[in-house]
Amino acid sequence: MIIAIDGPAGAGKSTVARRVASELGAAFLDTGAMYRAITLVVLERGIHPGDATACAGVAQETVLDFAPDGTIRIDGRPGEPDIRGETVTRNVSAVSAHGGVREAIVAEQRALARRLGNVVAEGRDTTTVVFPAADHKFFLSASPAVRARRRAEQDNVPERYEAIRADIERRDRLDATRALSPLVQAADAVAINADQLDVDAVVGRILSTVRASHPSDA
Ligand code: DC
């Protein structure tokens, strides 16, 4: 079974998807971590994030997989915490916009899902491009203000609220307006707005939707 969850940066997709996966005994596929991992290698090698050919080469030759705890490995080494750093975050939109990068990563995502069987995937295009025939699709969103406030609280940096909000709005724009696989809500995705919902409530909503059509997973 494949459950796909898309939505903008900072809507809580990773936390929610991780929880849903563990409740259902499924694997968690963090597709954003894969684009971050490629971006990290690109920067480490001194490649310009705008160099489509070189970035695609990195995506093709880098082996990505996930440790049993769900964290990404890059050619066998742990990708955390480096893939969450500010430089990677600043450059990941540019690297993930290249067609050659997306082609390589999407192929890897499908291969991983085939191998893992039951998967909860989250990202920007998992409901539309990677797994268009997913058993369940969700689009999780929240306003930029709410996403920025939660992130600032979570990282305990209230003074950075404005900067975080500006970065979220910048990434929303880039992710939604890029030519390839822009962030859009799939017509058959269940929309969840998390402005008024905490993580438990979002997880509960997803699990009840899934369990309603797969009673044996309850
Ligand atoms: O979810 P995240 O913030 O870790 O994602 C990092 C970046 O990767 C995001 O700015 C856009 C890109 N991304 C993508 O292009 N397609 C996906 N399926 C997931 C993420």
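Quick one: net charge around Ser143, please, counting Lys, Arg +1 and Asp, Glu -1 for every other residue with C-beta under 14 Å from its C-beta.
Details: positive: Arg147, Arg149, Arg150, Arg151, Arg165; negative: Glu169, Asp172, Asp195.
Net local charge, Ser143 excluded: +2.
Across the chain, Cα pairs under 8 Å and at least six residues apart give a relative contact order of 32 percent. Annotation: amide H-H contacts under 5 Å for Phe66 (H modelled 1.01 Å from N, sequence separation of 5 or more, or interchain): Arg73. Here the chain is assigned +1 on the Cβ of each Lys and Arg and -1 on the Cβ of each Asp and Glu. Its dipole about the Cα centre then comes out at about 200 debye. Projecting the Cα atoms of Ala187, Ser96, Val58 onto the charge dipole of the chain (Cβ charges, centred on the Cα centre) puts Ala187 farthest toward the positive pole.
Averaging the inverse of every distinct alpha carbon separation and then flipping it gives the Kirkwood radius. What is it for the chain, in angstrom units? Could you put the intermediate results ahead of the total?
Working: mean 1/r = 0.0569 Å⁻¹.
Hydrodynamic radius (Kirkwood, Cα pairs) of the chain is 17.6 Å.
For segment 1-139, the antiparallel share of DSSP beta bridges with both residues in that region comes to about 30%. Let me check against my output: what whole-number percent is the relative contact order of segment 22-110, with C-alpha pairs under 8 Å and at least 6 apart? Answer for segment 22-110 is 37 percent.
Read the figures in this text as sums done on the coordinates, not as results from a lab. Quick caveat, the model's predicted, so the values are computed rather than measured. Reconstructed Cβ throughout: ideal geometry from the backbone, glycine too, with neighbour counts over all protein chains shown.
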